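The values are calculated or read from the model by the stated rules, or taken from the named source; none is laboratory data. Keep in mind it's a predicted model, so treat the numbers as computed, not measured. Using ideal geometry, Cβ is built from the backbone for each residue, glycine included, and neighbour counts are taken over all protein chains shown. We work out accessible area using only protein heavy atoms, side chains counted, and drop any ligands, DNA or RNA first. Shrake-Rupley method; radii C 1.70, N 1.55, O 1.52, S 1.80 Å.
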Amino acid sequence: SLAPTAITCFTRGLDLRKETEDVLCPANCPLWQFYVFGNEVYASLSSVCGAAIHRGVITNAGGAVRVQTLPGQDNYPAVNANGIQSQALTRWASSFSVTRAKSTALEAVGRSVSTARPSTGKRPKKTLDKKAGNKDCKADIAFLIDGSFNIGQRRFNLQKNFVGKVAMMLGIGTEGPHVGVVQASEHPKIEFYLKNFTAAKEVLFAIKELGFRGGNSNTGKALKHTAQKFFSLENGVRKGIPKIIVVFLDGWPSDDIEEAGIVAREFGVNVFIVSVAKPTTEELGMVQDLGFVDKAVCRNNGFFSYQMPTWFGTTKYVKPLVQKLCSHEQMLCSKTCYNSVNIGFLIDGSSSIGDSNFRLVLEFISNIAKAFEISDIGSKIAAVQFTYDQQDEFGFADHTTKEKVLSAIRNIRYMSGGTATGDAINHITTTVFGPVRDGPNKNFLILLTDGQSYDDVRGPAAAAHKAGITVFSVGVAWAPLDDLKDIASEPRESHTFFTREFTGLEPMVPDVIRGICRDFLDSKQ
């Protein structure tokens, strides 16, 4: 017989063209990502491999499957089987069933792995994959569990079981998600950090060992503590990977949670709130703020809040929560002003500045660049020097590490010449910002000059603003204030800086950085 057609984990029944087709499912598909509708007979928008595992035809080690196309039907049932929860569907136009393929040696391989209790030749590879974890779900997650008298010892144990199930389904591993646990009670306690365990079984054991602390549920205090102290490089946080706090709340928080939510957002942390058992009528009087969930989560869009009626029978809530935690593109709070901006420096190199002052200018722009997380997926820096002409010192795509950017700034050579600021603004707007105009980062231009321009600055500045570039103008010595204000973005007062001496540039650094962050946050509202 013909060899089975290799398919992916996500190939659906409706993607197959033949009435009957033998297909080969790959190994180690992420179970939590499967969409399966029905039982025995599956709606054709179901994943074929997901349905085959659900039916017990193959295991997650993969293997050959025969797919038979069937007519559509009503009322596909939701059934939990073999680690997959299928979903109910009222009606679909076509269906399929799955059976073992009667094919070639490939199925024998599939079967030998699927019964993988005895040591087979395939076993070591599987362990390696397990060690790497689910590479499609890169996240650094802190579970902030409720350890207060609100929840009590019994429900605390049920909470630990639920967190354990979520941890197991995430696919923890060296290249997958990393997790840690913080317990909220009178005083927050970090139980273990991201770096402590990279295997799911170790995490599960550590969760089982957690002791109940008691006291008030000072969730706000614990959330703030976690946002500030948990996610550091020495504690195992990884660069460029979403930081997430999942807050478990039994009832209500006994302190203010809004400020903690703001702190978490400033630190680039995505806050999810899982609330279990809403406060009773008599408890409502003790809640400081009824809208506490909306104020603490990353975004009040429904995605970051999750409700369970009780701690009993929570298995069905595991997979949907895991799917949320692994939705990389939905982690809106991972983007901060430090890792999501393009900053172009436009540097006056005219002869009135002189060599030693030019060094102070370079120091000023270095100190601004130092504050940002520069990488191929983070913030980017470019620099153009101008007199009558412009010289592109480096573009946004040239250097993807902070070290290389700082080294490139140090190596800028002073040009000396006249001052054509308008021309220079036109040049940087089109040639340097042009290629990144539609990119994900917000664009900022910092212009530094010490004198009057020989050409018009208003037209070019207006064009830069229209192109979505926020402009800060920094003037020194004889730079006319009217020109600086014409160049700057609105509100002009907060985007215009001036100092009589070049030594006055250094104290402005924190204000410029704060201005960039303020504008970035305003643009996200």
Selection over the stretch 54-84 where residues are within 19 Å of GLN323 (Cβ to Cβ), in contact with a helix residue (DSSP H, G or I) (Cβ under 7 Å, 6 or more places away or on another chain) and at pLDDT 90 or above yields a count of 0
Could you tell me whether the stretch 106-118 includes any residue that is in contact with a helix residue (DSSP H, G or I) (Cβ under 9 Å, 6 or more places away or on another chain) and at pLDDT 50 or above?
no
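Conditions tested, residue by residue: (1) out of contact with any Phe, Trp or Tyr (no Cβ under 7 Å at 6 or more places or on another chain); (2) open to solvent by less than 20 Å² (accessible area, probe 1.4 Å); (3) part of a loop (DSSP other than H, G, I, E, B); (4) closer than 30 Å to PHE303 by Cα.
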residue: CYS333; (1), (2), (3), (4): yes, yes, no, yes
residue: CYS337; (1), (2), (3), (4): no, yes, yes, yes
residue: SER350; (1), (2), (3), (4): yes, yes, yes, no
residue: ASN357; (1), (2), (3), (4): no, no, no, no
residue: SER366; (1), (2), (3), (4): yes, yes, no, no
residue: ALA369; (1), (2), (3), (4): yes, yes, no, no
residue: PHE396; (1), (2), (3), (4): yes, yes, yes, no
Could you list, in sequence order, all residues of the stretch 164-180 that are in a helix (DSSP H, G or I) and surrounded by fewer than 22 Cβ atoms within 10 Å (Cβ to Cβ)?
GLY164, LYS165, MET168
Could you say whether any residue in the stretch 183-195 is modelled with pLDDT under 90 and of a type in the set (Phe, Trp, Tyr)?
no
For the stretch 232-247, pairs from a residue that is assigned by the TED database to the domain that holds VAL297 and in a helix (DSSP H, G or I) to a residue that is aromatic (Phe, Trp, Tyr) and open to solvent by 50 Å² or more (accessible area, probe 1.4 Å), with Cβ under 7 Å and 6 or more apart or across chains, are ASN235/TYR193
Give all pairs with beta carbons closer than 6 Å in which a residue from the stretch 494-507 that is not assigned by the TED database to the domain that holds LEU360 and charged (D, E, K, R) meets a residue that is modelled with pLDDT under 95 and open to solvent by 20 Å² or more (accessible area, probe 1.4 Å); count only pairs at least 6 apart in sequence or on separate chains.
none
Which condition from (1) within 30 Å of ARG437 (Cβ to Cβ); (2) of a type in the set (Ser, Thr, Tyr); (3) without any contact (Cβ under 8 Å) to a residue 60 or more places away in the chain is the one that SER350 breaks?
(3)
Determine whether the stretch 93-104 contains at least one residue that is in contact (Cβ under 8 Å) with a residue 40 or more places away in the chain, in contact with a His (Cβ under 7 Å, 6 or more places away or on another chain) and in a strand (DSSP E or B).
no
Every residue in the stretch 435-452 that is in a loop (DSSP other than H, G, I, E, B) and touching a strand residue (DSSP E or B) at 6+ places or on another chain (Cβ under 6 Å), please.
ASN441, ASP450
Which pairs do you get when a residue that is surrounded by 24 or more Cβ atoms within 10 Å (Cβ to Cβ), found in the stretch 467-478, comes within reach of a residue that is of a type in the set (Lys, Arg), reach meaning Cβ atoms under 9 angstrom, with the pair 6+ apart or on two chains?
SER473/LYS485; SER473/ARG492; VAL476/ARG500
Could you please find all residues in the stretch 1-20 being modelled with pLDDT of 80 or more, polar (S, T, N, Q) and part of a loop (DSSP other than H, G, I, E, B)?
THR8, THR11
Pairs where the first residue, in the stretch 283-307, is assigned by the TED database to the domain that holds ASN216 and the second is modelled with pLDDT under 65, C-beta under 8 Å, 6+ apart
MET286/PRO279; VAL287/PRO279; LEU290/LEU284; LYS295/ASP289
I'd like the full set of residues that are touching a strand residue (DSSP E or B) at 6+ places or on another chain (Cβ under 9 Å) and either open to solvent by less than 20 Å² (accessible area, probe 1.4 Å) or assigned to a loop (DSSP other than H, G, I, E, B) (or both), limited to the stretch 21-31.
VAL23, CYS25, PRO26, ALA27, ASN28, CYS29
